[in-house]
1. Let's see if you can work this out: charge +1 on each Lys and Arg Cβ, -1 on each Asp and Glu Cβ, no other charges. What is the dipole magnitude of the range 94-196 about its Cα centre, in debye to the nearest 20?
2. A 28 angstrom limit on the alpha carbon distance is what I want to check against. Which of LYS142/LYS246; LYS399/LYS458; LYS147/LYS246; LYS343/LYS482; LYS372/LYS482; LYS461/LYS482 exceed it?
3. How would ASP424, ASP126 line up from fewest to most surrounding beta-carbon atoms within 10 angstrom?
4. Order the peptides 233-243, 501-511 from the highest to the lowest mean number of other Cβ atoms within 10 Å of their residues.
5. With only Lys, Arg, Asp and Glu charged, each at its Cβ (+1 for the first two, -1 for the last two), find how big the charge dipole of the range 351-484 is about the Cα centre; round to the nearest 20 debye.
6. Sort VAL500, VAL249 so the one with the fewest other Cβ atoms within 10 Å of its own Cβ comes first.
7. At 7 Å along Cα-to-Cβ for each site, give me the label-to-label distance between ALA524 and ASN183 in nm.
8. Taking +1 at the Cβ of each Lys and Arg and -1 at the Cβ of each Asp and Glu, which of PHE405, ALA387, SER484 sits farthest along the dipole of the range 351-484 towards its positive end, judged by Cα position relative to the Cα centre?
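Just so it is clear, none of the values below were taken in a lab; they were calculated from the coordinates. Just so it is clear, the structure is predicted and the values come from calculations on it, not from any experiment. Every residue, glycine as well, gets a Cβ built from its backbone with ideal geometry; the counts of neighbours run over all protein chains shown.
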Amino acid sequence: MKHFSRLATATLAILLSAIVLNSAGIASAANGDAYQIEYASVNGGSQIMAVISDKAGNDFTGVGRIIPLDQQGPTHEGIHWCSSSTDSACDFARDGEDFVGSVILEDCSETASDFCVENLSLAVGDTSFESAKFVRATNQTKFAARKDINFPGGGSTGLYTATHAPTAGGLDTYAVTVSLRLNWNRATKSFSPQALMANVYPYRTNADSRLRGIAGSGDSLGAGCIYVEPGSCGILQDWAPNTKAKLSVKVPTSIGGWLKGRLKTPEVTVEPVNAVTNRIVVAAEPVSVPQLGVVMPNTEKNDLLSSGLNLGWWGGPGFIEVGTEAGGSTVGPFIERYRSTTKDSASGLTSMWNFATINPGGGSNCLSDNSKVQGIVTTNAMGYDGAAPSYLGGTLSYKVSGMHFLPDGTTPAEGTYDLVMRGDTARCLYGFSKAPISATISVTSSTGENKVATTVVKETKDGWLKLAAYGFTFSSPTISVKLSQAEAAASTTTITCVSVKNKKLTKKATGVSPKCPAGYKKKA
């Protein structure tokens, strides 16, 4: 399990600020540092922390891994990390063996692999995107590619500088972690790409000689770092206002279907590079996401585990963090459980820029085609559907949830929602022609109140349908999109009519089903 909390005495409270660990082991905050639940002080003997984890699917911070899951005997006890793709303790030829794995894509300048991070660009305000400079990869183990088991190989988080786009703390440092999650096929004894996760982080370097640099392995000094390496780690900073990022990645053609994201106004392009590789480019603004972390008496742990809620998050030394994922199936009820405790307010705000593959929405096979990227759905909501919008009753529906107020307890939390989908996917859903599509967007509460402030509907020249809703409030609204298309005008034809009495006299008749006037007949 992950180890993310530092033990210390604390009173029963809502978490109000992000803290970090300096080289003396004392909690402190640096200018521009982002709010992170993982830095909370919790007395592990008498308290737990109820959390909503929001990690965009990255299981380990910037580290590839292969883990054998033994099913048939004592060869492997529990869960291990293979030290390399040729580790003798990882027997890929052994019948009945299972593995889970992932690789971190390297910067294309560092690898000959088809799959890599091609470019990070940033823009401030109305300026054009300008490429960031790749500096180095973090000091972590590289995994060599192995064609015999279809293992693509990979490295670790890439570090970049962009002097033209400072972070909230006034720094020029950014980190990129793009992960491919891999499935193991017992029959073929090979891996296949299953999912893509991409994060761009503003960060500052935290030097600490005690850091061992093994993310996710119990090194609590690295709690909440967005990358860890021997002697230092990256502390997440907030995005500076009016900053946008564009990330270009080359990924397997099998990565398709739907994407989710913590983004605003996303623009997506997908194009083939070669027979096995697609280029995916996502350009967008980051979003400020309300967070939830509530320190509770230790009895809350068992109460949660017996509540029937689908919990998917346990962590911290002694498992003192219990909760669910932001896209979990019961995140809505989880938020409701603590609404009165928090006085309907978020614990903190964290600005994010990330995207990841998700399951298609239900209701139509048109949403299930994974042979190409169908679209991306993004929101800043504390909780959201863990799949793409579902097609129900002629409407694309998507549920979000959150507290009514920001951490100050008075400012309303305003939601963002963007849906970018292929125009041909929309036409498949509704049986539309190639004529332009229009749409209506509504955001309604459980009482039926329409709570949307701004909507955007646009079909781009390159075939993407862009829909958005901004300025709505919470607690658990449903976002509904109804697409429509004007009926195409019936085609008209023109015929020539000849006078029955004088064949030199002719007239033209035009219409859907044109007819000759009296005394005339259609010219043969």
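1. On the way: 9 positive and 12 negative charges, 82 e Å.
Once rounded to the nearest 20, the dipole reads 400 debye.
2. Numbers: LYS142/LYS246 26 Å; LYS399/LYS458 22 Å; LYS147/LYS246 31 Å; LYS343/LYS482 35 Å; LYS372/LYS482 23 Å; LYS461/LYS482 21 Å.
Flagged as over cut-off: LYS147/LYS246; LYS343/LYS482.
3. Values: ASP424 16, ASP126 6.
Ranked by crowding around the Cβ, least crowded first: ASP126, ASP424.
4. Values: 233-243: 22.1, 501-511: 10.5.
Order by mean packing, descending: 233-243, 501-511.
5. Details: 10 positive and 9 negative charges, 84 e Å.
For this selection, approximately 400 debye.
6. On the way: VAL500 12, VAL249 24.
So the ranking, lowest neighbour count to highest, is VAL500, VAL249.
7. With each label point 7 Å from Cα toward Cβ, the separation is 6.7 nm.
8. SER484
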